[in-house]
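This report refers to the structure that appears directly beneath it.
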Amino acid sequence: MDNKFHFFHYLHFFLLLSSSCFSLVAFSWIPYNENKNYEGSSDLVNLEYHMGPVLSSPIKLYVIWYGHWNPSHQATIRDFLNSFSSSYAPHPSVADWWRTVRLYTDQTGQNISTISLSGEFFDYKYSQGKYLSRLSMQYVIKNAVRSYRESIPLNYKNGVYLVLTSYDVQVQEFCRAVCGFHYFTFPSILGVTVPYAWIGYSGKQCPGFCAYPFAWPKNSGKPPPNTRNGGNNLMGAPNGDPGVDGMISVIAHELAEVSSNPLVNAWYAGDNPMSPTEIADLCLGVYGTGAGGGYVGQVYKDFRGNGFNLHGVKGRKFLVQWVWNPLRRRCFGPNAMD
């Protein structure tokens with residue numbers, strides 16, 4: 001058996017759990033003025049390895065653009081995804097950020113691997129309609145790999161599928177409990193088990209819920225200061241659209257977690273695999289040194305005053321939350337000041 005990608009080794013057990021586990025494995029966005037994070041080193045975090053696989057073969061990422069997308073928004077996201085495999089962006093870069101994720105290993109000592117954008121599919125006809133349940137995400141993937149027109153491959157060895165829904169698509173629990181989630185496909189639907197993630201564009205539906213710190217919930221009072229020296233102005237989006245710039249961080253969040261916990265039996269904190277706290281959940285709202293209480297931490301400002309903490313390809317700048325570093329035992333990003 002290939003010890004770099006053990007999906008079928010664990011498949012029988014997880015299919016038994018799938019009916020209950022599927023409804024709970026998600027990224028829930030906690031309001032930042034109430035959020036607990038661990039920017040400083042903490043012995044309170046009991047992040048453990050549960051002997052399952054991580055994505056240790058070079059990860060091939062396949063994007064499914066579901067619905068009607070603004071081409072400029074697609075270009076921003078595409079550049080972000082291409083930044084994971086680029087060595088040309090200045091430090092701190094998206095590729096630097098991914099190096100923290102790569103510190104996680106499986107039981108054989110194999111680290112999470114590199115990630116590269118390897119294919120795209122455009123589902124502009126809304127093949128599964130404009131309301132999607134969590135289960136219907138798997139049919140979106142099925143349509144993309146079996147389409148008669150420019151389909152993407154069904155890569156069960158080292159593929160990850162990223163479903164991105166447009167502004168006019170409603171998704172189960174989107175804007176109420178989640179901004180994105182990850183899971184794995186069922187053989188009864190797709191024929192094989194592959195990991196996938198979904199993230200929705202929140203710019204029209206709920207920017208205050210899913211695009212913080214570029215937007216703030218209505219009727220929630222003044223936003224927290226974006227600098228330590230005061231001011232309650234919202235942070236400007238470095239690529240010009242709060243929905244897209246907020247989505248970028250959620251994409252990074254889900255890619256980190258689907259890589260470190262693809263079958264929900266690898267890296268997470270807590271005793272309940274049905275509701276795991278994963279490596280990005282521990283660092284919600286943390287973008288720089290000193291973060292806490294709604295303050296995003298020390299980040300950079302571009303010439304327009306927009307906040308960012310990572311460089312990408314083509315001169316792009318992004319604001320991406322930190323993840324838990326297993327060696328430092330704290331939330332960490334390449335823009336850390338210490």
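In this structure Arg149 has an accessible area near 90 Å², from a 1.4 Å probe over the protein heavy atoms. Computed extension gain for Gln170 through His68, at 0.36 nm per residue and net of the alpha carbon distance, reaches 35.4 nm.
Each other residue within a Cβ distance under 13 Å of Ile251 adds +1 if Lys or Arg and -1 if Asp or Glu, for a net charge of -3.
Of the listed residues Tyr62, Tyr300, Tyr126, the order by accessible area with a 1.4 Å probe, largest first, is Tyr300, Tyr126, Tyr62. Accessible area ranking (1.4 Å probe, heavy atoms, ligands and nucleic acids excluded), largest first, for Tyr49, Tyr287: Tyr49, Tyr287. Computed over Cα pairs, the Kirkwood radius of segment 59-105 leads via Stokes-Einstein (1.306 mPa s, 10 °C) to a diffusion coefficient of 129 µm² per second.
Take Asp96: with every protein chain present and a 1.4 Å probe, its accessible area is about 30 Å². Only Cα pairs under 8 Å and 6+ residues apart enter the sum, and on that basis the relative contact order of segment 252-338 stands at 25 percent. Full extension of the chain segment joining Asp338 with Ser86 gains 88.2 nm, where the gain is 0.36 nm per residue of separation less the Cα-Cα distance. Among the listed pairs Lys60/Lys314; Lys125/Lys204; Lys157/Lys314; Lys60/Lys301, a Cα-Cα separation exceeding 28 Å is found for Lys157/Lys314; Lys60/Lys301. State the percentage of accessible surface on segment 262-338 attributable to carbon and sulfur atoms; use a 1.4 Å probe and exclude ligands, DNA and RNA. The C+S portion of the solvent-accessible surface of segment 262-338 is 50 percent.
The values are calculated or read from the model by the stated rules, or taken from the named source; none is laboratory data. Computed from a predicted model, the values in this text were never measured in an experiment. Quick reminder, even Gly has a Cβ in these numbers, built from the backbone with ideal geometry, and neighbours come from all protein chains shown. Ligands, DNA and RNA are excluded from the accessible area calculation, which covers all protein heavy atoms including side chains. Shrake-Rupley method; radii C 1.70, N 1.55, O 1.52, S 1.80 Å.
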